[in-house]
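Asks: Dropping a structure here in structure tokens format, bear with me for questions.
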Amino acid sequence: MDYASPPIALIAVGLAMAAGVYLIAVLDRSIAVLVGAGRWTWRGAIVGPIRSAALLLVQRRRTTERPDSPGWTLAPALLTGLAAVALAMVPIGPDMAAADPSTGFVVFSAAIVFVMIAVFLHGWSPNSALAMHGAYRFGAQALSFQIPFLLAMLATALPAESLSIVDIVDAQEPLWNVVRQPLGLPLYLVVGVAVSFWGPLNLPDASDLAGGTSVEDSGVARLLWKSARAAMLVAVAAMGAAGFLGGWWGPWLPGPVWMVIKAVALLTLLLVAGHLLPRVRIQRFVVIAWVILIPLALVNIFVSGALLL
Amino acid sequence: MSGGLLVDVIFWLFAAGALVTGYRVFRTDSMVRAAFYLLASFAAVGGILVLLGAEFVGMVLILMMAGEMLIMAIVMVMYMMNPAGLNPMWMVHQHRVAVAAGVLAFAVLAAPVLLVDFPDRPNPAPEEATAQLGEELLGDSMLVFQTAGVGLLSTMIGVVVLASRRGRYGEADEGSSEPSLELQDAESR
């Protein structure tokens with residue numbers, strides 16, 4: 001398969017990220033209104049995110065005593081870059097991929113693993129106690145979700161006998177992985193929420209730490225961190241659609257449309273879960289990850305492998 | 001990977017980045033910064049490996065190092081009694097010996113690059129580099145390696161279980177209590 005030319009691929013990934021982040025902002029506000037008691041308005045749901053972003057853009061920058069300035073500046077940019085790398089690995093059609101290296105799965109995983117570096121750096125560098133707590137929390141969270149995440153993803157590579165994401169989607173033409181590996185998608189979604197620290201697993205930036213790693217953020221840095229976090233959720237949902245829901249396979253509609261529909265459906269599911277489920281304590285999440293998720297992920301990969309033999 | 005000027009520029013950026021960040025590891029005054037500089041250095045080396053056509057090895061290096069460096073930073077901070085690793089401290093001991101050992105090790109490792117007469121027979125890039133690498137590394141001993149891998153993973157899980165919850169001073173998730181100063185209390189535990 002030919003690569004898209006680099007400038008076009010860059011622009012496409014950037015546009016997809018921007019559209020995804022705005023969609024998340026709109027969906028999140030709308031779901032909050034539907035779940036709660038408020039009333040949905042154009043002004044609140046559609047214009048609201050833009051107003052909030054504009055407000056952060058002109059907000060005065062605060063700083064702390066003796067922060068690690070390079071690290072503090074780097075962290076949101078790093079998370080944005082990781083989300084872009086992860087999203088670039090997701091093909092939206094058989095001939096429409098920003099990049100399809102033969103090791104796409106490994107590149108995506110590397111981006112996911114690096115999220116913990118970005119979050120730790122973000123919490124460590126402001127020289128602030130609550131931010132530091134958030135960083136250590138995410139250390140425990142990330143080291144716990146890493147193995148089940150990689151195992152759940154790796155199982156999708158088995159039927160394709162390839163680490164290329166395009167091959168992984170191609171191999172789902174007869175049967176989607178969500179049916180072939182019934183444990184895969186639930187596992188992937190649970191750890192995917194943890195990866196993008198959203199909703200019930202937003203532990204590093206939780207409100208019980210007054211905002212955790214982003215407690216000292218202000219202005220553009222806060223806007224960038226928030227949007228990078230949302231972009232990561234977009235990448236996780238898009239890869240879930242490609243890896244488990246058959247990507248571009250589907251009747252009647254053209255492939256890329258199916259891909260977008262599936263990604264948005266997963267995104268909506270994750271956002272609704274964020275509003276309906278209570279936050280999980282970090283101690284409980286670590287125990288769940290090591291005692292339940294890893295064994296389930298191992299069972300999933302053993303069964304998938306045995307079925308192929 | 002064949003390619004023109006752009007690939008050369010990227011190679012030199014990675015090479016310079018690996019050297020500079022590698023040097024900064026020893027010149028910085030914080031354990032967390034040292035760990036992250038080392039990570040940046042390894043990531044640059046991983047990028048060079050990808051340029052050399054070893055995509056899988058390069059990306060796996062980057063993937064593995066991220067987790068390892070974070071664990072290293074946290075463990076160092078825990079052992080060093082340095083709250084959050086924020087207090088400045090020297091990263092090197094025995095300066096002269098360390099400098100001599102570093103220069104010597106670099107010279108020994110770099111000498112072959114200049115002294116060895118490398119053959120000039122460019123091979124075509126393999127189609128399935130990752131699959132060939134797996135065949136070369138594992139080959140017939142796939143089952144042995146997989147068994148060892150699962151064994152290692154279960155050891156890891158066992159260690160985490162042993163270290164996690166039930167400690168000498170109570171359950172970890174309920175907050176630990178300090179040992180009593182009274183001998184009788186300590187004995188009756």
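The values are calculated or read from the model by the stated rules, or taken from the named source; none is laboratory data. The model shown is predicted, which means the values in this text are computed figures rather than measured ones. Using ideal geometry, Cβ is built from the backbone for each residue, glycine included, and neighbour counts are taken over all protein chains shown.
Asks: Could you tell me how many of the residues in the range A:196-210 are in contact with a Leu (Cβ under 8 Å, 6 or more places away or on another chain), under 16 Å from A:Ala140 (Cα atoms) and small (Gly, Ala, Ser)?
Replies: Final tally of qualifying residues: 1.
Asks: Just checking, does the range A:104-112 include any residue being assigned to a helix (DSSP H, G or I) and touching a Ser or Thr at 6+ places or on another chain (Cβ under 6 Å)?
Replies: So far as the range A:104-112 goes, yes, one or more of its residues are assigned to a helix (DSSP H, G or I) and touching a Ser or Thr at 6+ places or on another chain (Cβ under 6 Å).
Asks: Could you tell me whether A:Leu158 is crowded, with 23+ Cβ neighbours inside 10 Å, among the aliphatic types (A, V, I, L, M), farther than 29 Å from B:Met78 by Cβ and touching a residue at least 12 places away in the same chain (Cβ under 8 Å)?
Replies: Taking the combined requirement at face value, the residue does not satisfy it.
Asks: Just give me the residues in the range A:120-135 being within 7 Å of another protein chain (Cβ to nearest Cβ) and surrounded by fewer than 24 Cβ atoms within 10 Å (Cβ to Cβ), in sequence order.
Replies: A:Asn127, A:Met132
Asks: Among the numbered criteria (1) touching a Lys or Arg at 6+ places or on another chain (Cβ under 6 Å); (2) within 19 Å of A:Asn300 (Cβ to Cβ), which one does A:Ala160 miss?
Replies: Here A:Ala160 clears every test but (1).
Asks: Looking at A:Ala19, A:Ala110, which one is under 19 Å from the mean Cα position of the chain (by Cα), at pLDDT 90 or above and away from every other protein chain (no Cβ under 14 Å)?
Replies: A:Ala19
Asks: So in the range B:73-88, with the set limited to residues that are away from chain A (no Cβ under 14 Å) and loosely packed, with under 12 Cβ neighbours inside 10 Å, which one is modelled with the highest pLDDT?
Replies: The selected residue is B:Tyr79.
Asks: Could you look through the range A:266-309, keep only residues that are over 30 Å from B:Thr155 (Cα atoms) and either assigned to a loop (DSSP other than H, G, I, E, B) or free of Cβ contacts under 8 Å to residues at least 24 places away in the same chain (or both), and pick out the one that is nearest to the other protein chains (Cβ to nearest Cβ)?
Replies: First, pick out the residues of the range A:266-309 that are over 30 Å from B:Thr155 (Cα atoms): A:266-279.
Checking which are either assigned to a loop (DSSP other than H, G, I, E, B) or free of Cβ contacts under 8 Å to residues at least 24 places away in the same chain (or both) leaves us with A:277-279.
Values: A:Leu277: 20, A:Pro278: 17, A:Arg279: 16 Å.
Within the range A:266-309, the match that is nearest to the other protein chains (Cβ to nearest Cβ) is A:Arg279.
Asks: Sort through A:Leu185, A:Leu209, A:Leu143 and tell me the only one that's of a type in the set (A, V, I, L, M, F, W, C) and within 23 Å of B:Gly67 (Cα to Cα).
Replies: Exactly one residue qualifies, and that residue is A:Leu143.
Asks: Pick out the one residue from A:Gly199, A:Gly139 that is in contact (Cβ under 8 Å) with a residue 40 or more places away in the chain and either at positive phi or within 12 Å of chain B (Cβ to nearest Cβ) (or both).
Replies: It is A:Gly199.
Asks: Quick check on my filter: what residues within the range A:194-227 are farther than 14 Å from A:Val119 by Cβ and among the polar types (S, T, N, Q)?
Replies: If the condition is that a residue be farther than 14 Å from A:Val119 by Cβ and among the polar types (S, T, N, Q), then A:Ser207, A:Ser218, A:Ser227 are the ones that fit.
Asks: Related question: Anything in the range B:36-72 that is touching a Ser or Thr at 6+ places or on another chain (Cβ under 6 Å) and facing chain A (nearest Cβ under 7 Å)? List them, or say none.
Replies: B:Glu55, B:Phe56, B:Met59, B:Leu63
Asks: Within 12 Å of chain B (Cβ to nearest Cβ), surrounded by 23 or more Cβ atoms within 10 Å (Cβ to Cβ) and either in contact with a Ser or Thr (Cβ under 9 Å, 6 or more places away or on another chain) or assigned to a helix (DSSP H, G or I) (or both): which single residue out of A:Ile117, A:Ile147 fits that description?
Replies: A:Ile117
Asks: Restricting to the range A:56-90, name every residue that is within 14 Å of chain B (Cβ to nearest Cβ) and more than 30 Å from A:Val166 (Cα to Cα).
Replies: Those that are within 14 Å of chain B (Cβ to nearest Cβ) and more than 30 Å from A:Val166 (Cα to Cα): A:Thr64, A:Glu65, A:Arg66, A:Pro67, A:Asp68, A:Ser69, A:Pro70, A:Gly71, A:Trp72, A:Thr73, A:Leu74, A:Ala75.
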